[in-house]
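Presented below is the structure to which this report refers.
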Amino acid sequence: MPNRASRGCQFKLAMEPGVHIGDIANAPKIQKFYEPEEWRALLGRFFGQVQSGHADGMVTAICRKPLAWHPHELAASLRFEFNLPYPDGKRMELASLALAAFSRRLGFPLERD
């Protein structure tokens with residue numbers, strides 16, 4: 001299969017709605033495509049008003065009235081996101097750098113010694 005054609009090949013999975021497997025020939029990946037209701041539920045934790053819909057085949061969201069967030073939740077998210085595994089099993093190990101950068105930007109430590 002030509003390289004270009006493989007990028008356009010996707011299969012829906014029966015795991016849950018909106019889950020597709022794509023780019024099977026070169027770099028298989030599973031992608032989750034959210035529906036507007038799912039975006040509202042996800043973003044509603046952080047915003048008092050979430051308006052979502054479809055535009056040009058994509059889900060869009062307009063968020064207003066941000067809610068208070070907890071520094072412990074942000075620190076946990078950064079530890080997760082900046083220590084994801086590479087395909088060979090090694091980890092990014094960039095969480096401490098991310099925590100330090102966010103702490104500097106916010107003006108207070110996200111991690112207490």
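Bear in mind these aren't lab numbers, they're just calculated from the coordinates by the rules spelled out. Everything numeric in this text was worked out from a predicted model, so none of it was measured. Every residue, glycine among them, receives a Cβ derived from its backbone with ideal geometry; neighbour counts consider all protein chains shown.
Across segment 26-90, C-alpha contacts under 8 Å between residues 6 or more apart give a mean separation that, scaled by the residue count, equals a relative contact order of 24 percent.
What trypsin sites (Lys or Arg not before Pro) in segment 16-92 are in a loop by DSSP, with at most 11 other Cβ atoms within 10 Å of the Cβ?
Listed in order of number, the matching sites are 45, 90.
Multiplying the residue separation of residue 61 and residue 108 by 0.36 nm and removing their Cα-Cα distance gives an extension gain of 13.9 nm. Just check segment 22-113 against the gyration tensor rule for me: Cα atoms, a ≥ b ≥ c as the square roots of the eigenvalues, rounded for a/c under 1.5, and otherwise prolate or oblate depending on whether a/b exceeds b/c. Note, shape of segment 22-113 comes out oblate. Spacing of the modelled spin labels on residue 23 and residue 69, each 7 Å from Cα toward Cβ, amounts to 2.6 nm.
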